[in-house]
Amino acid sequence: MKRYLCEEELNSQPDIWRKTAKFLPSVEDKLPKHGLKIAAVGCGSSWFMSQGYAQFREAAGNGESDSYAGSEFNYGREYEHVLLISRSGTTTEIINLLKEINIPTTLITGVADSPAAKLATHVINMAFADEKSLVQTRWATAVLGLLRAHNGFDLIMAAEDAQEAVDSELGDLVSVDQITFLGQGWTIALAQEAGLKTREAAQFWSEAYPQLDYRHGPFSIAQKGRAVWMFGDIDPDLKNEILATGAILETSKLDPMAHLIRAQRVAIEIAKLKGLDPDNPRGLSRSVILK
Ligand code: F1P
């Protein structure tokens with residue numbers, strides 16, 4: 001069977017996370033200082049990574065942190081630093097925002113001389129995590145890993161879980177007809193990203209919710225032949241309710257970001273089973289450049 005670029009890239013995540021952990025001290029002074037009121041911004045996968053970052057930064061007591069999709073920045077709020085994430089550095093909403101605001105900015109990008117890089121106060125160039133596939137896998141987790149490590153998390157330990165996720169069996173998860181991804185706190189961003197992966201790579205029906213909000217309607221989707229996938233610890237009552245529907249329940253003892261690797265793999269496998277090219281999803285390009 002053909003090997004796709006995204007498979008090589010997602011399999012490299014354990015190494016890339018180790019590289020990221022070593023890389024952090026060289027760029028730490030460019031990241032928003034703890035205590036500042038910040039916004040984090042991105043589009044697509046980069047938006048979900050900015051969401052996760054804002055969540056765990058504030059939860060760790062490191063300062064008020066909001067997150068926005070590039071098109072939805074709240075210009076009425078005052079921030080002391082804005083962090084932007086863009087693999088390509090060519091995404092229009094990110095460039096427009098950088099032109100518009102007069103606040104110290106840090107751009108994390110995979111392309112050092114990109115148009116966005118020319119506009120940011122500080123640039124963190126993570127070219128070593130850039131990808132050839134259109135679909136983001138290791139880029140997203142390397143950036144989130146950098147930001148987690150900056151907020152006190154041990155990324156080297158997580159890299160061991162990442163290897164387990166790369167080597168694990170996917171079983172029946174690749175033959176279900178729908179998956180609902182759940183999270184809590186910062187892992188809601190992982191659920192969103194997992195949902196995006198299955199939709200963009202495999203045109204597959206997936207949804208994503210905070211685990212306790214899932215009961216408020218979308219729970220009706222759960223049934224035999226479908227899966228519910230929790231990033232992080234599942235509420236014990238919710239677990240029993242899901243199992244009673246006959247749906248497969250996927251949980252893991254792995255670090256939640258390593259657990260995302262399993263979801264990336266499921267997305268790619270479903271795409272392959274459907275005869276789709278997961279490196280070149282229908283209607284997508286490496287970045288969205290608006291006229
Ligand atoms: C962001 C992004 C990707 C998405 C698609 C279009 O790009 O929205 O998340 O998968 O390829 O671009 P970037 O700003 O991080 O380069």
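The values are calculated or read from the model by the stated rules, or taken from the named source; none is laboratory data. Because the structure is predicted, anything quoted here is derived from the model rather than measured. Quick reminder, even Gly has a Cβ in these numbers, built from the backbone with ideal geometry, and neighbours come from all protein chains shown. We work out accessible area using only protein heavy atoms, side chains counted, and drop any ligands, DNA or RNA first. Shrake-Rupley method; radii C 1.70, N 1.55, O 1.52, S 1.80 Å.
A few comments on the model shown:
- Distance in nm between pseudo-label sites at Thr121 and Ile156 (7 Å out along the Cβ direction from Cα): 3.2 nm
- Built amide H within the under 5 Å cut-off of Glu250, gap 5+: Val228, Trp229, Met230
- Summary of packing: across the peptides 207-216, 263-272, the per-residue average of other C-beta atoms within 10 Å ranks them, highest first, as 263-272, 207-216.
- Building the convex hull from the alpha-carbon atoms of the range 168-284 and averaging its projection over directions returns 6.9 nm².
- Taking N as its residue count, the alpha carbon Rg of the chain over 2.2 N^0.38 Å: 0.97
- In plain terms, the C-alpha convex hull of the range 69-207 casts an average shadow of 10.1 nm² when viewed from every direction.
- In Hz, Karplus ³J(HN,Hα) per residue of the range 20-30 (6.51, -1.76, 1.60; θ = phi - 60°; x = Gly, Pro): 5, 4, 6, 6, 3, x, 6, 10, 4, 5, 8
- As a length-normalised measure over Cα pairs under 8 Å and 6 or more apart, the relative contact order of the chain settles at 20 percent.
- Both radii are taken from the alpha-carbon atoms of the range 1-49; with Rh as the Kirkwood radius, Rg/Rh is 1.11.
- Tensor-based shape of the range 114-167 (alpha-carbon gyration tensor, a/c under 1.5 rounded, otherwise prolate or oblate): oblate
- Under 5 Å, built H, 5+ apart or other chain: amide partners of Asp66: Ile38, Ala39, Ala40
- Taken over the range 90-129, the alpha-carbon convex hull comes to 53 cubic angstrom per residue.
- Convex hull volume of the C-alpha atoms in the range 1-84, normalised per residue: 118 Å³.
- Protection proxy ranking for 237-248, 194-205, using the average of other Cβ atoms within 10 Å per residue and placing the highest first: 194-205, 237-248.
- Cross-link partners for Lys132 among the lysines, with Cα-Cα distance under 30 Å and sequence neighbours closer than 8 places in the same chain left out: Lys2, Lys19, Lys22, Lys30, Lys99, Lys118, Lys197, Lys272, Lys274, Lys291.
- Between helix 187-202 and the chain there is an angle of about 70 degrees, using the helix long axis and the longest principal axis of the Cα atoms.
- Note on Glu78 and Glu241: the extension gain reaches 54.4 nm, defined as 0.36 nm multiplied by sequence separation minus the Cα-Cα distance.
- Order of exposure, largest accessible area first, which applies to Cys43, Cys6 with probe 1.4 Å: Cys43, Cys6
- The Asp113 and Asn280 beta-carbon pair, evaluated with R₀ = 41 Å, returns a calculated FRET efficiency of approximately 0.95.
- The Cβ shell under 13 Å around Pro218 holds other residues with a net charge of -1, Lys and Arg each +1, Asp and Glu each -1.
- Counting only DSSP H runs of at least 4 residues, each contributing -39500 (n - 2.57), and dividing by the residue count of the chain, the helix-based mean residue ellipticity at 222 nm comes to -12500 deg cm²/dmol.
- For the range 1-57 versus the range 89-163, the gap between their alpha-carbon centres in whole angstrom: 6 Å
- Judged by the ratio a/c of the largest to the smallest principal axis of the C-alpha gyration tensor, the range 139-219 counts as oblate, that ratio being 1.5 or greater while a/b is no larger than b/c.
- C-alpha long axis of helix 45-59 to longest principal axis of the chain, angle in °: 80 degrees
- An oblate overall shape is assigned to the range 220-278, the ratio a/c of its alpha-carbon gyration tensor axes (a ≥ b ≥ c) being 1.5 or greater and a/b not exceeding b/c.
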